[in-house]
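Below: the structure, in structure tokens.
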Amino acid sequence: MVLDPALLSPGQRYVPGILGGLGPLAHVEFERRLLARNHLRGARGDREHPVWLLANAASTPERTRALLEGGESPLPHLMAFAQLLERAGADALFVPCNTAHAYHTEVQRVLRIPWVHLMEVVAAAIRAAHPAGTGVGLLATDGTLATGLYHRALEARGLVPVAPAIGSPTQARVRSATSDPETGIKATGDAVSRTAREHLAAAALWCVEHGARVIVPACTEVSVGLTAEVFDAAPLVDPLTVAAEVALDIAYGRRDPAEFCQPSEGAAPSADG
């Protein structure tokens with residue numbers, strides 16, 4: 001299905017599709033970034049923002065649990081919702097969830113449109129602004145760290161990943177900030193607890209103390225909780241902001257979706273997780 005061009009906003013050429021709900025704040029924050037970045041480009045009214053399509057795939061099984069603990073695989077859900085967006089008329093797919101990119105290769109195989117790979121565009125943006133050898137701090141889920149998603153993309157461009165080890169006290173703070181049943185960002189609706197912010201700021205400072213010169217909030221919940229208002233010891237390069245810029249470029253034809261059609265070299269777990 002192709003959307004009638006008459007339904008698109010003036011000047012729009014392509015339609016971004018957002019596979020959200022991973023977790024619940026993922027697509028909300030991404031859409032907010034889309035609006036904010038487009039405002040900086042001059043948008044001042046409804047029709048000056050692009051049309052995009054959204055699937056709130058909140059029923060998708062938890063990605064880290066599937067990758068590391070043998071939990072139910074999210075792959076069938078990711079495939080089904082991605083194909084739903086494709087059939088609805090999306091020209092490029094954006095998945096705000098970082099850990100879900102462990103399944104990028106297998107999902108991309110069943111699509112005709114590209115799934116824009118978050119780690120690749122983030123690593124490219126950092127390398128464009130910083131020299132080779134720059135330390136890049138990563139605050140991510142255990143699943144993202146274990147699959148090496150950011151490590152490979154950064155190292156391929158001569159950048160140096162700096163991340164707390166899985167099982168370390170610092171990584172435990174990241175995990176608590178996102179997933180604690182009382183104070184974690186996944187548990188607190190559209191609010192972010194002070195405890196979660198403190199955990200994330202402390203983890204980011206650990207990265208700086210171990211050589212990071214920029215920090216990547218490499219999990220959607222970290223994007224929500226770690227902001228310049230609570231951490232300013234190093235610049236933040238937020239994947240949601242980078243992806244929002246790419247989505248706007250695609251929507252208005254500044255970049256062609258075909259540019260992103262190369263298959264990912266990331267992890268490609270089987271359908272059983």
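The values are calculated or read from the model by the stated rules, or taken from the named source; none is laboratory data. What you see is a predicted model, and the numbers here were worked out from it, not measured in a lab. Heads up, the Cβs are rebuilt from the backbone with ideal geometry, glycines too, and the neighbour counts pull from every protein chain shown.
Identify the residue in segment 115-128 that is surrounded by 20 or more Cβ atoms within 10 Å (Cβ to Cβ) and of a type outside the set (A, V, I, L, M, F, W, C) and, among all such residues, is farthest from the chain's Cα centre (by Cα).
Checking each candidate, the answer is E120.
Out of all the residues in segment 93-113, which are among the aliphatic types (A, V, I, L, M) and in contact with a Gly (Cβ under 7 Å, 6 or more places away or on another chain)?
L93, A102
Among the residues of segment 120-134, is there at least one that is in contact with a helix residue (DSSP H, G or I) (Cβ under 6 Å, 6 or more places away or on another chain) and either among the β-branched types (V, I, T) or farther than 16 Å from F260 by Cα (or both)?
yes
Can you pull out the residues in segment 187-241 that are hydroxyl-bearing (S, T, Y) and in contact with a strand residue (DSSP E or B) (Cβ under 8 Å, 6 or more places away or on another chain)?
Going through segment 187-241, the residues hydroxyl-bearing (S, T, Y) turn out to be 188, 193, 195, 220, 223, 227, 241.
Result: S223, T227.
Looking at segment 229-244, I want the residues that are closer than 20 Å to I18 by Cα and have a partner that is basic (K, R) and not in a loop (DSSP other than H, G, I, E, B) with Cβ atoms under 6 Å, at least 6 apart or on another chain. Which pairs are those?
Qualifying pairs under 6 Å: L240/R33; T241/R33; A244/R33; A244/R37.
Of the numbered conditions (1) surrounded by 22 or more Cβ atoms within 10 Å (Cβ to Cβ); (2) modelled with pLDDT of 95 or more; (3) hydroxyl-bearing (S, T, Y), S59 satisfies every one except a single condition; which is it?
Of (1) surrounded by 22 or more Cβ atoms within 10 Å (Cβ to Cβ); (2) modelled with pLDDT of 95 or more; (3) hydroxyl-bearing (S, T, Y), only one is false for S59: (1).
If a residue must be within 17 Å of the chain's Cα centre (by Cα) and either among the small types (G, A, S) or surrounded by fewer than 23 Cβ atoms within 10 Å (Cβ to Cβ) (or both), how many such residues does segment 16-51 contain?
Count: 14.
Take D249 and decide whether it is surrounded by fewer than 20 Cβ atoms within 10 Å (Cβ to Cβ) and at pLDDT 95 or above.
Numbers: surrounded by fewer than 20 Cβ atoms within 10 Å (Cβ to Cβ): yes; at pLDDT 95 or above: yes.
Yes; evaluated as a whole, the condition is true for this residue.
Out of (1) of a type outside the set (S, T, Y); (2) at negative phi; (3) surrounded by fewer than 16 Cβ atoms within 10 Å (Cβ to Cβ), what's the single condition that is false for A66?
Among (1) of a type outside the set (S, T, Y); (2) at negative phi; (3) surrounded by fewer than 16 Cβ atoms within 10 Å (Cβ to Cβ), A66 violates only (3).
Mind listing whichever residues of segment 188-241 are surrounded by 21 or more Cβ atoms within 10 Å (Cβ to Cβ), β-branched (V, I, T) and part of a loop (DSSP other than H, G, I, E, B)?
The one that is surrounded by 21 or more Cβ atoms within 10 Å (Cβ to Cβ), β-branched (V, I, T) and part of a loop (DSSP other than H, G, I, E, B): V192.
Mind telling me which of the residues P161, P131, P169 ends up being crowded, with 21+ Cβ neighbours inside 10 Å, over 20 Å from A26 (Cβ atoms) and not aliphatic (A, V, I, L, M)? Steps first, answer last, please.
Working: P131 fails: crowded, with 21+ Cβ neighbours inside 10 Å; P169 fails: crowded, with 21+ Cβ neighbours inside 10 Å.
None of the other options fit; the residue is P161.
Go through (1) within 22 Å of the chain's Cα centre (by Cα); (2) farther than 22 Å from A218 by Cβ one by one and return the number of the condition R13 breaks.
(1)
Of everything in segment 70-91, what is more than 20 Å from A243 (Cβ to Cβ), in contact with an Asp or Glu (Cβ under 9 Å, 6 or more places away or on another chain) and either of a type in the set (D, E) or touching a residue at least 40 places away in the same chain (Cβ under 8 Å) (or both)? Give them in sequence order.
G70, G71, E72, S73, L75
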